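Trainee: One structure follows; several queries about it will come next.
The values are calculated or read from the model by the stated rules, or taken from the named source; none is laboratory data. Remember, it's a predicted structure, so these values are computed and weren't measured experimentally. A quick note on method: Cβ atoms are made from the backbone with ideal geometry, for glycine too, and the neighbour counts reach across all protein chains shown. Ligands, DNA and RNA are excluded from the accessible area calculation, which covers all protein heavy atoms including side chains. Shrake-Rupley method; radii C 1.70, N 1.55, O 1.52, S 1.80 Å.
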Amino acid sequence: SPYDTFLIDAGSTQGVTAGSVLSAQGIVVGTVVDVRTTQSQAQLLFAPDTTTEGSIHGVSVSIHGYGGANGHTEVPRGSKVEIGDIVLAPTFGWRPIGIVSALEDNPAQSSAYLIIRPALNLDALSFVTVETL
């Protein structure tokens, strides 16, 4: 949706509680933000105005969501980060949460700017698993 949320066709009746939302491949795509009787609402990790802690090759980053399932962050210039690198999240058991899709490394700056996107095609998701936090 335009608000980076989606509905899960399971709720408290099926045992859903607040937790992380995982793809079948174990990639974290979001968190449960509202649980109703028969459905739940989840928010994508990189929704606007969110911050998610991550790690890229051991470099700790704070990823700021700006919507459209994308986030951005910075790493110290000279870090061994490249396009295609997987972003892991300590909060979610070191599971993958995204992939570096763009890198802007300006020699005049002390840090490189990264765009992070989900590590899978969200439009292709049909089933997810909710894991209690």
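Trainee: Between residues in segment 39-64 that are within 16 Å of S79 (Cα to Cα) and residues that are assigned to a loop (DSSP other than H, G, I, E, B) and not β-branched (V, I, T), which pairs lie under 6 Å by C-beta distance while being six or more apart or on different chains?
Mentor: I56/D85; H57/K80; V59/S79
Trainee: Now, a different point. So which strands (runs of 3 or more DSSP E) are wholly in segment 82-133 and hold at least 3 residues that are surrounded by 16 or more Cβ atoms within 10 Å (Cβ to Cβ) and in contact with a strand residue (DSSP E or B) (Cβ under 8 Å, 6 or more places away or on another chain)?
Mentor: 86-89, 95-104, 111-117
So that you can scan it fast, the table gives a plain yes or no per residue for (1) farther than 11 Å from L114 by Cα; (2) among the charged types (D, E, K, R):
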site: F46; (1), (2): yes, no
site: T50; (1), (2): yes, no
site: E53; (1), (2): yes, yes
site: H57; (1), (2): yes, no
site: V61; (1), (2): no, no
site: H64; (1), (2): no, no
site: E74; (1), (2): no, yes
site: I83; (1), (2): no, no
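Trainee: Now, a different point. Scan segment 22-54 for residues that are open to solvent by 10 Å² or more (accessible area, probe 1.4 Å) and polar (S, T, N, Q) and jot them down.
Mentor: Those that are open to solvent by 10 Å² or more (accessible area, probe 1.4 Å) and polar (S, T, N, Q): Q25, T31, T37, T38, Q39, Q41, Q43, T50, T51, T52.
Trainee: Report the residue count in segment 105-133 for those that are more than 21 Å from A47 (Cβ to Cβ) and in contact with an Asp or Glu (Cβ under 6 Å, 6 or more places away or on another chain).
Mentor: Residues in segment 105-133 being more than 21 Å from A47 (Cβ to Cβ) and in contact with an Asp or Glu (Cβ under 6 Å, 6 or more places away or on another chain): 2 in total.
Trainee: Follow-up question, since we're still on this one. Just for segment 31-53: of the residues that are closer than 16 Å to A69 by Cα and not in a strand (DSSP E or B), which one is nearest to the chain's Cα centre (by Cα)?
Mentor: L45
Trainee: Starting from segment 90-104, keep only residues that are closer than 13 Å to E131 by Cβ, then list their pairs with residues that are acidic (D, E) and surrounded by fewer than 18 Cβ atoms within 10 Å (Cβ to Cβ) whose Cβ atoms are within a distance under 8 Å, requiring at least 6 positions of separation or different chains.
Mentor: T91/E53
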